[in-house]
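The values are calculated or read from the model by the stated rules, or taken from the named source; none is laboratory data. This structure is a prediction, so every number in the text was calculated from the model and none was measured. All Cβ positions, even for glycine, are placed from backbone atoms using ideal geometry, and neighbour counts span all protein chains on display. Each accessible area value is taken on the protein alone, full model and side chains, heavy atoms only, with ligands, DNA and RNA left out. Shrake-Rupley method; radii C 1.70, N 1.55, O 1.52, S 1.80 Å.
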Amino acid sequence: QVHMVESGGKLVQAGSSLRLSCAASGRSFGTYSVGWFRRTPGKAPVFVGTLNPRTSNTYYADSVKDRFTISGDNAKSTVYLQMNSLKPEDTAVYLCASTTYTVSYHPNDYVYWGQGTQVTVSS
C-alpha cells in the first residue's frame, strides 16, 4: 500500500512559479514510479510528467516541457513538481499517483492516487 498526499496548490498570477509536493508513505517508496496528472471539471486526468526513482529519469508532456520539473527526496519520501512560467491553461487539480510500470503516461496504469491540490493561474 502507498498513500499519496498532494499539497502546495493555490491562486497565482500568470508567469509565477509554484512548487507542489507529493508525500508518499509506504515501504515501496523509491521503487514505484510517480506520475503527476492534472484534471479539469468533467474531464479525465491528463498526463503532466513522471519520475522513475530507481533511475531518476523524468518524462514530461509537451505542454509543460522546459517549464515544469519533477524531482524526488528519498529521505523525505516526497516527490516535487516545480512549475515555472505558469499560464492560465495550467489551471487544474493536480494529482500524484504511483505505478509499477517503469514509465507510463496512462492513468489506468497507476494504482495509488492522492486527492489532488487546486492550482489556479489568473491572467
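Okay, residues lined up against (1) touching a helix residue (DSSP H, G or I) at 6+ places or on another chain (Cβ under 7 Å); (2) farther than 21 Å from residue 16 by Cβ; (3) part of a strand (DSSP E or B):
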{"position": "30", "(1), (2), (3)": "yes, yes, no"}
{"position": "35", "(1), (2), (3)": "no, yes, yes"}
{"position": "44", "(1), (2), (3)": "yes, yes, no"}
{"position": "47", "(1), (2), (3)": "no, yes, yes"}
{"position": "51", "(1), (2), (3)": "no, yes, yes"}
{"position": "59", "(1), (2), (3)": "no, yes, yes"}
{"position": "65", "(1), (2), (3)": "no, no, no"}
{"position": "75", "(1), (2), (3)": "no, yes, no"}
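Candidates are the residues of segment 65-78 that are out of contact with any Leu (no Cβ under 6 Å at 6 or more places or on another chain) and among the β-branched types (Val, Ile, Thr); the one that is farthest from residue 53 (Cα to Cα) is 69. State whether one or more residues within segment 57-80 are closer than 18 Å to residue 3 by Cβ and in contact (Cβ under 8 Å) with a residue 60 or more places away in the chain. Checked segment 57-80: at least one residue is closer than 18 Å to residue 3 by Cβ and in contact (Cβ under 8 Å) with a residue 60 or more places away in the chain. The residue pairs whose first member lies in segment 10-25 and is under 11 Å from residue 85 (Cβ atoms), whose second member is open to solvent by 40 Å² or more (accessible area, probe 1.4 Å) and of a type in the set (Lys, Arg), and whose beta carbons are closer than 8 Å, counting only pairs six or more residues apart or on different chains, are 14/87; 18/10. Close contacts from segment 33-51, counting a first residue that is open to solvent by 10 Å² or more (accessible area, probe 1.4 Å) and a second that is at pLDDT 95 or above and aromatic (Phe, Trp, Tyr), with Cβ to Cβ under 7 Å and a gap of 6+ residues or different chains, come to 38/94; 45/37; 46/37; 47/37.
Would it be correct to say that residue 21 is closer than 21 Å to residue 8 by Cβ, open to solvent by less than 50 Å² (accessible area, probe 1.4 Å) and either not in a loop (DSSP other than H, G, I, E, B) or not polar (S, T, N, Q) (or both)? For residue 21, the condition - closer than 21 Å to residue 8 by Cβ, open to solvent by less than 50 Å² (accessible area, probe 1.4 Å) and either not in a loop (DSSP other than H, G, I, E, B) or not polar (S, T, N, Q) (or both) - is met.
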